[in-house]
Amino acid sequence: MSLRVRRLTTPIMLLAVWEGTARAGVLAPDKLPPPSAVLEAAWRLSRDGTLGTSLLDSLQRAVLGLLIGGTLALVLGSVAGLLRAGDDLVDPTVQAARMLPHLGLVPLLIIWLGIGESLKVTLVALGAFFPIYLNTYAGIRDIDERLVEAARTCGLTWSERVRHVVLPGAMPSLFLGLRLAFAAGWLSLVVGEQVNGQSGLGFMMMEAREFSQTEVVVLGLLVYALLGLLSDLALRMGERRLLTWRRGLQAA
């Protein structure tokens, strides 16, 4: 049995059990509809354009928030990791701020930003910022000092040491931060789009809730999960391509 088939076995079995228990009446359709009903709702909403429009709006918010939060985290994490002054000025503030649950800031952000697009993008940016910052900082600081000293002895300039020693050494930690940031970003988007949204997957789910369309609510959750899974797979593929030199422990 191929690796891909083995990895699909458990999800397929869960879907079959879900469908069977729903058909047998164990699960109430108004509480948790069967996968076939969710698939039918996906087909219906795809045909009238609702699903595609909602998906596009959510993707735009996610990409913008991840770009803003990720870029700021990379810059500040690099400054704090590479420069002593940056460490003294940046890291204590960020470490204190990360103790605040960013989703708990929603009431304050509503006061500051209102309930428009800025709120949703800001929540995604906050969700993405801390995992990338922490892993960028840790990745740089965990590099063996002897490697940097060897590069200095060989005559490499500061910028060359960063490019040839620091950057490759920090990449594994950075990719871990990106994976965590994508997960936190999607979670933040779910919350943001349910705060008086007018479009997006979260708004589609809230509107479906008003009409007791549980299958549409479940569909929205599954789409969020699929987006998170696809983004994680893309990052893992990029990691394998860029970090071909790394050989980790393989499962037996």
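The values are calculated or read from the model by the stated rules, or taken from the named source; none is laboratory data. Treat the numbers as computed from the prediction; the structure is a model and nothing was measured. Note that we place each Cβ from the backbone using ideal geometry, even for glycine, and neighbour counts take in every protein chain shown. With ligands, DNA and RNA removed, areas are computed over all heavy atoms of the protein, side chains included. Shrake-Rupley method; radii C 1.70, N 1.55, O 1.52, S 1.80 Å.
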Of residues in the range 16-35 being surrounded by fewer than 14 Cβ atoms within 10 Å (Cβ to Cβ) and part of a helix (DSSP H, G or I), the one modelled with the lowest pLDDT:
23
Pairs under 9 Å by beta carbon, first residue closer than 17 Å to residue 219 by Cα and touching a residue at least 12 places away in the same chain (Cβ under 8 Å) in the range 19-34, partner in a loop (DSSP other than H, G, I, E, B) and open to solvent by 80 Å² or more (accessible area, probe 1.4 Å), six or more apart or different chains?
22/29; 30/212
Answer yes or no: is there a residue in the range 106-113 that is free of Cβ contacts under 8 Å to residues at least 60 places away in the same chain and touching a helix residue (DSSP H, G or I) at 6+ places or on another chain (Cβ under 7 Å).
yes
Looking at the range 49-75 only, could you name the residues that are loosely packed, with under 14 Cβ neighbours inside 10 Å and within 16 Å of the chain's Cα centre (by Cα)?
63
Give the residue, chosen from 121, 162, 195, that is open to solvent by less than 40 Å² (accessible area, probe 1.4 Å) and over 30 Å from residue 44 (Cβ atoms).
162
Residue under question is residue 179, and the condition is that it be open to solvent by 30 Å² or more (accessible area, probe 1.4 Å), over 20 Å from the mean Cα position of the chain (by Cα) and of a type outside the set (A, V, I, L, M, F, W, C); does it hold?
no
With the range 83-156 as the region, which helices (runs of 4 or more DSSP H) entirely inside it contain at least 1 residues that are of a type in the set (Gly, Ala, Ser) and farther than 26 Å from residue 168 by Cα?
84-97, 117-141
Confirm whether residue 111 is at pLDDT 85 or above and surrounded by fewer than 16 Cβ atoms within 10 Å (Cβ to Cβ).
yes
